[in-house]
Structure formats: structure tokens, C-alpha cells
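Participant: This is the structure I want to talk about, given as C-alpha cells.
The values are calculated or read from the model by the stated rules, or taken from the named source; none is laboratory data. Bear in mind the structure is a predicted one, so any value in this text is a computation, not a measurement. Cβ atoms come from the backbone with ideal geometry, glycine included; neighbour counts cover every protein chain shown.
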């Protein structure tokens, strides 16, 4: 387990699409552990593998209800709409209002390869959507409808 440097706005890796994990190996377990350690150290409520320079479809989220680890996550259902403030560890100092689904169902694999379906609302739903966006090279700044704090340089 290790704490990694979090890539920031302007690093081209953040704009690349991540590759699916084909086989869960000890390296994937290590990646999950490193993501969690880095997220908690930051501190943040979520982190995606591309944010530490790994183009794999792996995320971790903890909004205060315990750690969620997901491999190859995808939103399979979404409902409602909420606009709320977001920030990002890869865009330090910036915060803006972002529209997202109010509730989502996300499907992915846990570290043991078991399928997990998570129904989430509120901050948990927002964090899952935010991290899954990272896997497709999408940053929250691409979806901001109103800036609340420092506006980042890249647009």
C-alpha cells in the first residue's frame, strides 16, 4: 500500500479513456489499496485510477459510510436530477455546481470478482458518477453550470 501523487488538470492522462480490467490479480488488489490510501490521505471522498496515472477502470468511494471498491463500474440506471457543488482532487481550488442524476444504480465487480449492484442517492450517487466520469476522461469542469470558486485554466 502506498500514497500516490494525484495528477492535476493539464495532465493528458486525465483526458484518456481507461481500459477494462480483464482479470482480477494481486496487482488489481494493490491498485485498490493504493487508491484508498491516496484518497484518505488527500482527503477526498472518491478517487479513480486515472487520477494516479493508471488507465484502468477502477474506482474507490467513501462518503462516510465505508469504503466502496469497484472494478469496471457502469451506471445501469439513473433517475431524477440534482444540481450541487462539486470539487475534485485533480482540480484543486475549483468548485462548481454540476447537474447529476439524483439516484443511480451502478454495477461493477468487487475485489473478489463478485458482481455488485449499488443503488445510491445524494452524495454517494454524485461521487460514484463523478469517479466513473474520470474513467472516460471526463472532468467535473466539463459539466459545471455555475462556478463557485476559482475557475481552472483549462476549458
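Participant: Given the structure, is residue 44 modelled with pLDDT of 95 or more, under 29 Å from residue 145 (Cβ atoms) and in a loop (DSSP other than H, G, I, E, B)?
Facilitator: Considered against the rule, which asks whether it is modelled with pLDDT of 95 or more, under 29 Å from residue 145 (Cβ atoms) and in a loop (DSSP other than H, G, I, E, B), residue 44 comes out as yes.
Participant: OK, next. Can you tell me which of 3, 13 is modelled with pLDDT of 95 or more, outside any strand (DSSP E or B), over 14 Å from the mean Cα position of the chain (by Cα) and closer than 15 Å to residue 138 by Cβ?
Facilitator: Exactly one residue qualifies, and that residue is 13.
Participant: Would you mind finding the one in 98, 91, 28 that is at pLDDT 95 or above, in contact with a strand residue (DSSP E or B) (Cβ under 9 Å, 6 or more places away or on another chain), surrounded by 15 or more Cβ atoms within 10 Å (Cβ to Cβ) and closer than 20 Å to residue 138 by Cβ?
Facilitator: 98
Participant: Name the residues in segment 101-118 that are more than 20 Å from residue 143 (Cα to Cα) and more than 16 Å from the chain's Cα centre (by Cα), would you?
Facilitator: If the condition is that a residue be more than 20 Å from residue 143 (Cα to Cα) and more than 16 Å from the chain's Cα centre (by Cα), then 111, 112, 113, 114, 115, 116, 117 are the ones that fit.
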